[in-house]
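Report on the following structure.
The values are calculated or read from the model by the stated rules, or taken from the named source; none is laboratory data. A quick note: this is a predicted structure, and the numbers were derived from the prediction, not measured. So basically every Cβ, Gly included, is an ideal-geometry build from the backbone, and we count neighbours across all protein chains shown.
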């Protein structure tokens with residue numbers, strides 16, 4: 001298992017324990033959450049669904065408190081054996097589930113073992129039944145009901161979304177671009193924590209907004225977002241894990257927890273975007289300036305119909321928020337990519353070439369960097385620091401020519417070669433003889 005796979009598993013383990021790792025929980029509250037987490041199945045990076053015991057979850061929480069994200073990386077294992085499944089038994093497993101939808105995967109595995117003497121992994125049965133659409137949730141007859149939820153304090157839960165905005169001029173593309181408004185809302189106070197229009201919808205825009213929001217409003221405990229590309233990526237997962245933020249993605253076609261965000265989106269369309277479109281927007285920067293002024297003076301200072309308070313007043317009622325350590329914040333928003341060092345001891349990144357230690361030639365290294373500052377890249381080999389990558393500059397491999405002393409001017413000879421040719425031509429033209437050019441070199445001294 002390489003370092004990248006270890007980091008993916010560490011991020012998965014943090015996602016499992018993030019809810020119970022909250023320092024505000026009492027021992028009794030944490031025990032209840034751990035039991036709930038142990039009762040659920042969790043999607044592993046390898047595509048399988050796994051459950052974990054209470055002891056394992058407690059051990060991961062202690063490891064994260066002592067060593068952070070790196071302490072959650074798995075240690076090398078001595079055993080590499082796997083349980084071989086038997087496809088011929090899956091039809092019987094499906095029949096057992098259809099016969100009694102509440103029958104668990106563990107019970108089905110036990111029945112198959114006692115009937116055929118073949119041990120099939122509980123996890124394998126659960127995964128196969130889910131892929132066949134026979135998981136217990138799909139077979140449940142009771143309709144799903146949605147309840148109301150509100151965070152108990154500011155910064156307990158942030159909700160993020162992307163709102164498609166108006167067309168604005170974009171000089172770099174010689175035309176216009178559809179602006180995307182990235183938003184973050186505090187669930188408790190309904191405060192518009194931060195919002196900014198971008199000309200693109202990608203991971204960098206999401207991280208730029210999240211960094212601004214944390215700097216201004218402090219650290220959230222939960223970051224709730226959808227499954228779009230700006231939010232479902234390794235960079236955001238690493239950022240939240242380093243800062244101790246629990247990253248939660250909403251389930252497809254499940255509106256729980258997004259009501260407040262959708263209500264704010266409608267308010268922004270009616271109160272800001274309509275006015276901005278009517279006024280006319282000349283640039284993306286102008287649109288962001290107008291939105292920042294509107295959010296601070298109108299959106300966050302209006303009395304909310306449900307809470308009866310202005311969002312900014314409700315947010316600030318409990319005092320200053322918890323701030324992130326500057327060093328940890330800088331580390332959290334660094335990106336990480338893997339590159340192979342070329343034979344010229346360089347690595348490519350974002351169209352640039354960087355020089356690294358020649359001893360790394362031919363090795364695969366990890367580059368950690370700030371996406372807004374590509375002048376400095378930190379190099380890691382197998383998770384350990386291996387120097388820095390600096391911009392590669394092609395240098396001269398030959399010495400410059402040495403200036404020589406000026407030579408003296410030669411004495412003139414006084415020879416007029418073309419005049420000699422013309423004289424010989426004139427002399428022989430009168431006799432009709434052919435011109436003998438070889439004789440020109442044998443002229444007497446008097447003729448010269």
Subset of segment 251-276, residues surrounded by fewer than 18 Cβ atoms within 10 Å (Cβ to Cβ) and at pLDDT 85 or above, comes to 262, 263, 266, 267, 269, 270, 271, 274, 275
Flagged in segment 315-337 as farther than 24 Å from residue 5 by Cα and touching a strand residue (DSSP E or B) at 6+ places or on another chain (Cβ under 9 Å), in numbering order, are 315
Within segment 163-181, residues crowded, with 21+ Cβ neighbours inside 10 Å and closer than 15 Å to residue 267 by Cα come out as 165, 181
Checking 380, 392 in turn, the sole residue that is surrounded by 14 or more Cβ atoms within 10 Å (Cβ to Cβ) and farther than 25 Å from residue 6 by Cβ turns out to be 392
When every residue in segment 359-392 that is assigned to a loop (DSSP other than H, G, I, E, B) and at pLDDT 90 or above is compared, the one nearest to the chain's Cα centre (by Cα) is 363
Just one listed residue, out of 38, 10, is surrounded by 12 or more Cβ atoms within 10 Å (Cβ to Cβ) and more than 20 Å from residue 236 (Cβ to Cβ), and it is 38
Checked pairs for segment 176-204, first in the same structural domain as residue 263 (by TED's automatic domain parsing) and free of Cβ contacts under 8 Å to residues at least 12 places away in the same chain, second crowded, with 18+ Cβ neighbours inside 10 Å and not in a loop (DSSP other than H, G, I, E, B), C-beta under 8 Å and 6 or more apart or across chains, list as 176/168
A careful count of residues in segment 120-131 that are in contact with a helix residue (DSSP H, G or I) (Cβ under 6 Å, 6 or more places away or on another chain) and not in a helix (DSSP H, G or I) gives 1
